[in-house]
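Inspection log for the structure reproduced underneath, given as structure tokens.
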């Protein structure tokens, strides 16, 4: 099948000339795995049907793309901030004009409920608008007064960046890397996840519609094994990756061997602390919303619910009530808010982690059984009495699985929260917000902490983790400064 540019036709209300065609699906055996030998296959996880097959780049084409990105950089680095801002504003307009087609592309390729896909497209437009407006301000020169003279610190672009992005937010994860990179004057090569090739192609279409030099943005449908070729190329200056621990270690190793700057946003096993004085209805609502978003396939989801004994039973009852509003079904139908998992192998991994946790003493209260239906579905699952040493406590479970941990008191909850090799996000629920803020600052080892809400990324706020959750920051002023040369001139 020839790959479509977007999923469907829709009317455009601005001058953004993007061709959009329709899909035709064919049945795909559930047990068969996607292969990269003939191309990248987009497979609907709700049905197991092939959507389209996208051709892979050959190594000669990869080298040509890198060279073109470098040529584009030589022009783009001299562009005015107003020109860069104009390009990001145009991209934002294209996202808004094609929101239906883009949302359907996300949902069909990775199974996210359609309303959440619309929200993802909207957030991509937001990050473009944010850096278009504030990028120049974030990159303004700094003057340092010295003895009888001054120093100027100026932000200059690094060059060609290589972005390796995941499938759970196939547009957002890419745009949160692209927007600051392009505004800073860099050019970017994108390797999107192999199971969402249509989404990556759609991003290329958006930037093809912008008036920017060729090579400023390039989608690269390549094999995972070709990533080393890109990272090691002398004209590629830095790498940013959002993905698994395994992928992060591999990319960091190659980047380090080639002396390339690297930013990694990896997994998380985020603790959500429900302290003795928490608003339990609010806590239950926010924990359920966080864990069910994207059918549980979110790195900053509420993965370990650490609840103080005194209020445990009341919180558990409220949590079950909140979960009743989450219904699994056709992700293209707005009536349903839980979709399938993105791939068959991912569902198998989640189920094995649940089974092993139960074998080690966790109590299954809900779900945990593979449904007998076409597609890669997994039910909402609740595990109680989760303890250190179990996969549900130690490892990231990428699915709609809630792991409940009992704490004797508030201090014990803090201790349990810190028993992890991860450090991406965390949340604290307490009526005493000043004390919660103190705990967040002094006791919780994570890059992003929410108080009386769930963790989410925001274009205005730095985002990233520590320990095995990676290093470096995206978004905000710190994010746009990750891939610049801070040049000191005395």
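The values are calculated or read from the model by the stated rules, or taken from the named source; none is laboratory data. Because the structure is predicted, anything quoted here is derived from the model rather than measured. No Cβ is skipped: glycine too gets one built from the backbone with ideal geometry, and neighbour counts run over all protein chains shown.
Could you check, for the range 307-321, whether at least one of its residues is farther than 23 Å from residue 395 by Cα, in the same structural domain as residue 371 (by TED's automatic domain parsing) and in a strand (DSSP E or B)? No, the range 307-321 contains no residue that is farther than 23 Å from residue 395 by Cα, in the same structural domain as residue 371 (by TED's automatic domain parsing) and in a strand (DSSP E or B).
Is it fair to say residue 383 is under 30 Å from residue 345 (Cα atoms), assigned to a strand (DSSP E or B), in the same structural domain as residue 366 (by TED's automatic domain parsing) and free of Cβ contacts under 8 Å to residues at least 40 places away in the same chain? So residue 383 fits the description; yes.
In the range 427-436, the count of residues that are assigned by TED's automatic domain parsing to the domain that holds residue 354, crowded, with 23+ Cβ neighbours inside 10 Å, farther than 22 Å from residue 308 by Cα and in contact (Cβ under 8 Å) with a residue 24 or more places away in the chain is zero.
More than 29 Å from residue 50 (Cα to Cα), in a helix (DSSP H, G or I) and within 27 Å of the chain's Cα centre (by Cα): is that true of residue 137 in this structure? Yes, satisfied.
Once the range 460-474 is narrowed to residues that are surrounded by 23 or more Cβ atoms within 10 Å (Cβ to Cβ) and in a loop (DSSP other than H, G, I, E, B), the residue that is nearest to the chain's Cα centre (by Cα) is 464. If you go through the range 291-312 one residue at a time, do you hit one that is over 30 Å from residue 162 (Cβ atoms) and surrounded by fewer than 16 Cβ atoms within 10 Å (Cβ to Cβ)? The answer is yes; a qualifying residue exists.
From the list 422, 393, the lone residue that is within 22 Å of residue 354 (Cα to Cα) and in a loop (DSSP other than H, G, I, E, B) is 422. Annotation note: of 43, 66, the sole residue that is in contact with a strand residue (DSSP E or B) (Cβ under 9 Å, 6 or more places away or on another chain) and over 19 Å from residue 207 (Cβ atoms) is 43. Output yes when any residue across the range 268-281 is modelled with pLDDT of 95 or more, under 26 Å from the mean Cα position of the chain (by Cα) and surrounded by fewer than 24 Cβ atoms within 10 Å (Cβ to Cβ), and no when none is. Within the range 268-281, not a single residue is modelled with pLDDT of 95 or more, under 26 Å from the mean Cα position of the chain (by Cα) and surrounded by fewer than 24 Cβ atoms within 10 Å (Cβ to Cβ).
Of all residues in the range 336-345, none satisfies the criterion of being out of contact with any helix residue (DSSP H, G or I) (no Cβ under 9 Å at 6 or more places or on another chain) and either farther than 24 Å from residue 116 by Cα or surrounded by 20 or more Cβ atoms within 10 Å (Cβ to Cβ) (or both). Within the range 187-222, the set of residues being assigned to a loop (DSSP other than H, G, I, E, B), surrounded by fewer than 24 Cβ atoms within 10 Å (Cβ to Cβ) and over 20 Å from the mean Cα position of the chain (by Cα) comprises 209, 210, 211, 212, 213, 214, 215. Filtering the range 42-74 to residues that are touching a residue at least 40 places away in the same chain (Cβ under 8 Å) and either loosely packed, with under 15 Cβ neighbours inside 10 Å or part of a strand (DSSP E or B) (or both) leaves 42, 43, 44, 50, 51, 52, 53, 54, 55, 59, 67.
Looking at the range 364-375, can you tell me whether even one residue there is surrounded by 21 or more Cβ atoms within 10 Å (Cβ to Cβ), touching a helix residue (DSSP H, G or I) at 6+ places or on another chain (Cβ under 8 Å), under 18 Å from residue 292 (Cα atoms) and in contact (Cβ under 8 Å) with a residue 12 or more places away in the chain? No: zero hits.
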